[in-house]
Amino acid sequence: IIDSPSSNEIVEWSGPEGDSFVIKNPLRFSEVVLPQYFKHSNFSSFIRQLNMYDFHKSRKKGGSDQVFKHPFFRQGQKYLLGQIKRKSNSQHPLKILKEQVIKESSPDDLQTMKLTSRRLQKILDKKKDPAPQQLL
């Protein structure tokens, strides 16, 4: 995407050593570049994908350009691309919250939560799998 000369007006390498890339025109990027490489043209979805792979956003002073950086995403160093990994689920905010609740709850509270969770799961299962007479 970034190495393509046809998109240089929209997105290009940035930084002193090609250690970041800049999206100069997010609207044109969504309309022209994204549909060529992805099933969507949603800029926000593209940003979420970058975040899942641990890219970090920074801004140039006084500009509306969107600049992104990853230590293993560098101009001319394709051999580093294999080092870019999706963030693990262990970093997911809900998993962190669950671990915190477990750590701070008493055994009785945890037992009550488990029973409640099982009851809710049974209710959800009944709604997903309607009885045969409901199908007619």
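Rule-based calculations on the coordinates, nothing more; no lab input. Quick caveat, the model's predicted, so the values are computed rather than measured. Here the Cβ is made from the backbone with ideal geometry for all residues, glycine too, and neighbour counts use every protein chain on show.
Per-structure values
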{"item": "Distance violations [Cα-Cα > 31 Å] among 87/114; 39/114; 57/103; 57/114; 39/126", "result": "39/114; 57/103; 57/114; 39/126"}
{"item": "Per-peptide average of other Cβ atoms within 10 Å, ordering 51-58, 114-121 highest first", "result": "51-58, 114-121"}
{"item": "Shape category assigned to the range 5-83 from the gyration tensor of Cα positions, a/c cut at 1.5", "result": "rounded"}
{"item": "Additional length obtainable on full extension of the chain from residue 86 to residue 101, 0.36 nm per residue less Cα span", "result": "2.8 nm"}
{"item": "Cα→Cβ-extended label distance, 7 Å offset, between residue 116 and residue 54, nm", "result": "3.6 nm"}
